[in-house]
Each structure stands twice: as C-alpha cells, then as structure tokens.
Amino acid sequence: MSTYLIGDVHGCYDELRSLLGQVAFDPQQDQLWLTGDLVARGPDSLEVLRFVRSLGDCVRLVLGNHDLHLLAVYAGISRNKPKDRISPLLQADDADELINWLRRQPLLQVDEEKKLVMAHAGITPQWDIETAKMCAREVESVLSSDTYPLFLDAMYGDMPNNWSPELSGLARLRFSSNALTRMRFCFPNGQLDMISKESPESAPPPLKPWFNIPGPVSREYTIVFGHWASLEGKGTPEGIIGLDTGCCWGGTLTMLRWEDKRVFTQVSSRESEIL
Ligand SMILES: Nc1ncnc2c1ncn2[C@@H]1O[C@H](COP(=O)(O)OP(=O)(O)O)[C@@H](O)[C@H]1O
C-alpha cells in the first residue's frame, strides 16, 4: 500500500490518469491525496470530478478556491468566467450529484500517524493544529448544510485578514476559507496579505511567503499544499511541500509518493493549445 499526493489537477484529466498509470495506482490498496482545485482552467473539469468521485474511499482531498468558486457559480451566486472552462460541468446531467459530493469534501486533512497535514493554500502561522482543525470543521459544516449558499455569498472578499479567536459568524468563516484556500503572503505577525501574487523574491517587504514564517503546525507536521503554481514546487523550507506545478498552464502535474518521497511528474499534454 502506498500513499500518493498530487498537486492541483485543474481539469487536467488525461494527465491525472497518466500520472496514476505511471505507478499502476490501485484504488483497492493505495491512497490518493489531492491538494484541491480539481476544477477550472484546464479542459476536463467534469471528467476529473466524475473520476475522483468514482475512486471512493481511497481519496483524501481538500477543497481549493476554484472548487469553492465552482460551488458559488452553480448556486447562481457568482459568474461563470469563460477562462474557467467549466460550462460542460455546469450543464452535465450529473452536475447536481457532483456538486453535492464536492461541497461535502474537507478543507483540511490531518494524518496523525504520518504527522502530515494538507490544505490547498497551506496553514497560517497564526494557527496551531487544534485551531486549524476547528476552523476547517466550521467551514465544512456550513458547506455540507442546506444553508451553504449563505456562506458562498459571503465568502468573497479579503477581510478580516488577522486571526482572532473572537472572530465570529461569516467574518470568521471568510477568514478561515481565505487562510486555507487563498493565502500566499503574510506580514511578519502572520496577518494575511491577500493582494500580492508575485514570486517570493519580488514581494514587497515586509511580506513573506506564509511558509517562511515559523508557526506551531510546521514545527510538528509536514505540510503539503498546492495553489501556488509559480513556485514550481521550489523554495519551501524542509517539511513544507508545494505540489502545484501548473499543469493547466502547460507545466506538469506532480505526484509525491509518501513512503519513499519519490516524485513523479506528468507533462501537460495540451501545451500547444494553451499557448
Ligand atoms: N474569498 C474569495 N475572494 C475572492 N475570490 C475567491 C474567493 N474564494 C474563491 N475565489 C475564487 O478564486 C479564484 C481566484 O482566481 P485567481 O485570482 O486567478 O487566483 P489563482 O491564482 O488561485 O487562480 C477565482 O475564481 C475567484 O472567484
């Protein structure tokens, strides 16, 4: 039995199947962790969701900002942007089932035996593991309830950007979903900066990538994340692993085998279409 962790799939169905084919992935024996953003930008978001859902219990995934955005578009709350290429998914006969399955997926995965944590964007240095679990659970519980459109409607926006246990209601949920699915840079005190998107080297001081600010979770756990394709999987400290290598932009899809830390890659098969 092996545990495979794959970065943001973003609708790259063919590459996902090829990558799993490289290791003869066996859903009966192996486990598959996915860093979220299963959908949008790439060509086959519908097939990705159908396939991942069909794998059943061997999958441990987390939701990314594009997955949340899809939920909002399907609920009629946000606009379907053509560059996301999700129209076939929105119009599919099984869209209801897929969306209802997706919204019941977690925002955080923790494996205490492996001392492994995964969230789409990472773990804010302002949280310890218990806070991270609590905040993820709060968002998950709203998303899986019947009132989930109320959260999706309030989810957009960058504030509040500073964690406090006093945060409550929709502001608290917005902080948590931003921290878990959109974070890149932080101020030295761990406060989120939701604006900068440049490379770590060109970020305006005093901003730093979240993973360069020591926090209680990174001291105890390996943290796996996706979201930040321009890192190309590089530049993180030991014990923090970025797996998004921009397959939907013509890069590669990257997979880590946990047990021996071997890395497998699959080159985008649609480079010419994208450029
Ligand atoms: N709280 C939020 N505020 C703004 N955008 C959000 C939020 N949650 C999800 N999104 C979605 O995340 C996506 C961000 O796209 P973009 O800014 O291009 O960044 P990325 O590099 O993650 O693709 C958009 O589809 C946007 O609608």
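Since every read-out is calculated from the coordinates, none of them should be taken as a lab result. Small disclaimer: the values here were computed from a predicted structure and weren't measured. All Cβ positions, even for glycine, are placed from backbone atoms using ideal geometry, and neighbour counts span all protein chains on display.
Can you tell me the order of 110-119, 236-245, 37-46, 65-74 when each peptide is scored by its average per-residue count of other Cβ atoms within 10 angstrom, highest first? All intermediate terms of the calculation are to be shown ahead of the outcome.
On the way: 110-119: 17.2, 236-245: 19.7, 37-46: 25.5, 65-74: 23.1.
Most protected by this proxy first, the peptides run 37-46, 65-74, 236-245, 110-119.
Quote the charge dipole size of the chain about the Cα centre in Debye, to the nearest 20; the model charges only the Cβ of Lys and Arg (+1) and of Asp and Glu (-1). Spell out each step's value before the answer.
Numbers: 27 positive and 37 negative charges, 96 e Å.
Roughly 460 debye, rounded to the nearest 20.
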(request) Report, in debye and to the nearest 20, how large the dipole of region 1-96 comes out about its Cα centre when Lys and Arg carry +1 and Asp and Glu carry -1 on their Cβ. (result) 360
(message) Once each part is reduced to its C-alpha centroid, what is the distance from region 250-269 to region 104-181 in angstrom?
(response) 27
(request) Mind putting together the pair-distance distribution for region 92-244? All Cα pairs, 5 Å bins, whole percent per bin, short to long. (result) 2, 9, 18, 22, 20, 15, 9, 4, 1, 0
(request) Kindly flag which residue pairs out of Lys81/Lys197; Lys133/Lys234; Lys115/Lys197 have an alpha-carbon separation exceeding 23 Å in this structure. (result) Lys133/Lys234; Lys115/Lys197
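Please state, to two decimals, what the Cα-based radius of gyration of region 1-81 comes to when divided by 2.2 N^0.38 Å (N = residues). Numbers along the way, then the final one.
Working: Rg = 13.1 Å, N = 81, 2.2 N^0.38 = 11.7 Å.
Cα Rg divided by the expected 2.2 N^0.38 Å: 1.12.
Expected output is a single nm value to one decimal: the length gained when fully extending between Ser144 and Glu97, i.e. 0.36 nm times separation in residues minus the C-alpha distance. What is it?
Values: separation 47, 0.36 × 47 = 16.92 nm, distance 1.31 nm.
Result: 15.6 nm gained on full extension.
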(request) Provide the packing ranking of 226-232, 173-179, 24-30, i.e. peptides ordered by the mean count of other C-beta atoms within 10 Å per residue, highest first. (result) 173-179, 226-232, 24-30
(message) Whole angstrom only: what separates the Cα centroid of region 1-48 from the Cα centroid of region 195-211?
(response) 29
(request) Please work out how much length the chain gains when fully extended from Arg262 to Lys81, using 0.36 nm per residue of separation minus the C-alpha to C-alpha distance, in nm with one decimal. (result) 61.5 nm
(request) With label points built 7 Å along Cα→Cβ from the Cα atoms of Gln28 and Met134, find their separation and express it in nm. (result) 4.4
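Among 145-154, 193-202, what's the highest-first ranking by average C-beta atoms within 10 angstrom per residue?
Details: 145-154: 14.9, 193-202: 12.8.
Ranked from most to least packed, the peptides come out as 145-154, 193-202.
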(request) Using label points projected 7 Å from each Cα along Cα→Cβ, tell me how many nm separate Asp153 and Glu201, to one decimal. (result) 4.7
(request) Only residues of region 174-191 count here: report those whose backbone N is under 12 Å from the spot 7 Å along Cα→Cβ of Asn162, or say none. (result) 187-191
(message) If N is the number of residues in the chain, what value comes out of its Cα radius of gyration divided by 2.2 N^0.38 Å?
(response) 0.94
(message) Tell me which of Gly246, Gln105, Thr265 sits at the most positive position along the dipole axis of region 3-273, charges placed on C-beta atoms (Lys, Arg +1; Asp, Glu -1).
(response) Gly246
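Sequence gap at least 6, Cα distance under 8 Å: using those rules, report the relative contact order of region 3-273 to the nearest whole percent.
Details: 554 pairs, mean separation 61.2, N = 271.
Worked out over region 3-273, it gives 23 percent.
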(request) Would you mind listing how long region 153-223 runs along its three principal axes, going by Cα atoms, in whole Å with the largest first? (result) 34, 28, 18
